[in-house]
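Inspection log for the structure reproduced underneath, given as C-alpha cells.
Rule-based calculations on the coordinates, nothing more; no lab input. Quantities reported herein were computed from a predicted structural model and do not represent experimental measurements. Quick reminder, even Gly has a Cβ in these numbers, built from the backbone with ideal geometry, and neighbours come from all protein chains shown.
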Amino acid sequence: MRSAATAIVVCACLAGCRSPRATRVDHRTVPRGEGPASHPAAVDRDVASIAARDAEIRDRTLREFADAIFYKPRVAEGDEAQAYLAPLIVQEVAPDGDGGDGAPMFGELRDDDGAGIRVDISRAVIYGLKSTISLGQAVHEQTSYVWFYPPDARSSGDSPIRVRGVRITFDRDGLPAIWELLRVGGNTFDGGMDDAAVIFVSASLERAAAASYGPPLPGRRYSVESSLERNPDAVVARVLDDGPAAMGPIVYLDASDLIVTTVICRCMPAQFQNAVRAIYYDVIWSDCSGAISPSADSIRRALTSRPSALADVLRLPPEF
C-alpha cells in the first residue's frame, strides 16, 4: 500500500519542495578541472563498459520495494534540528523474509573480548562526523554518517563486518547539495562498493552547472559531471528534488546484499509500499580524535574513508 509508506515519510519531513533559486552565471569561467591546467587525463577506459556500469547504477535508483524496515533517528530533547538532518533508512525485506524477522540489523560497534570488534544489534546506532571542505573560494559544511551490520551469515569462514555510509555536502546557503556513498573497504569491512564513486546532487546544483557550463559532456547524463577522460570512475546516479528546508536524505538498501539502491530527498515520493517495522536509532557523534580502542578506530576510519575529490569529480559552478 503506497499510503502506508507515504504516511511514514510525511510524518518525518515537511511536504513539498523549495522553488528554484536564482543562478548567477559567469560564462567567462573555465569549468573547474576542465581547462588546460587540468592534471593528465585518466587512463583510457572502454567507454561502452563505463556506459553499461553507469546505466546499471542509475536503473537501480528507480527500484521500488514491496516491504521494508524503516529506520529513523531518535529525537533527543534539544537536538531536534540535528535529528532532522540525519538519514532515514529504508531496508528492503525479502519476499520470504518473514516480515523482516530474519533481516540483517545494524547496531553499535563494540570492542570484543580480544582485540577485535563486533556489532551489537540490541541497539541501533548511526555514527556521525561533522567536517568542512574547501571548494573554490568557499568553505562548505559536510556531515558523514556510517552504520554497521554484522558479517553476512550466508558467507563461510571469516567474513568482514558490513558498513554503509553517506557524506552530505551543503551549499553556501546551508542546504544539502551533494550526497556521496562512502566507499569503505579493506580487510576489516565489507563496504558494498561499486566500481564507481556514486554521487547524487540537488536539482539546483545541476541547474547552476548547466547554466555555467552548458549541456552534459560526451558520455555523461548531467551537466555537473566532469569528463569521462578526467574521472571515468565517478558517476552522478541521480538528481534529487530540492527540499523546502535542510533535511536528511532517505537511503534505500536492497535485501540481497544491502547495496544502496538510491538516495532521495524526503520531499520525493516514497519508493516502498509497506513498512513492516519501524525502528528508532541513536546518533553518536565522533570528533575522530583520541581513538584508542579498536571500535573507536574503526568508526574513525569508516567516517573518514576515501572522500571523493569533489572539485575534480564535479563541474561545480562558481557560485556554489
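Can you sort THR304, THR143 from fewest to most other Cβ atoms within 10 Å of each residue's own Cβ?
With the fewest neighbours first, THR304, THR143 line up as THR304, THR143.
Can you list the residues, at least 5 places off or on another chain, whose amide H is less than 5 Å from the amide H of ARG315, using H built in the peptide plane?
GLU225, SER226
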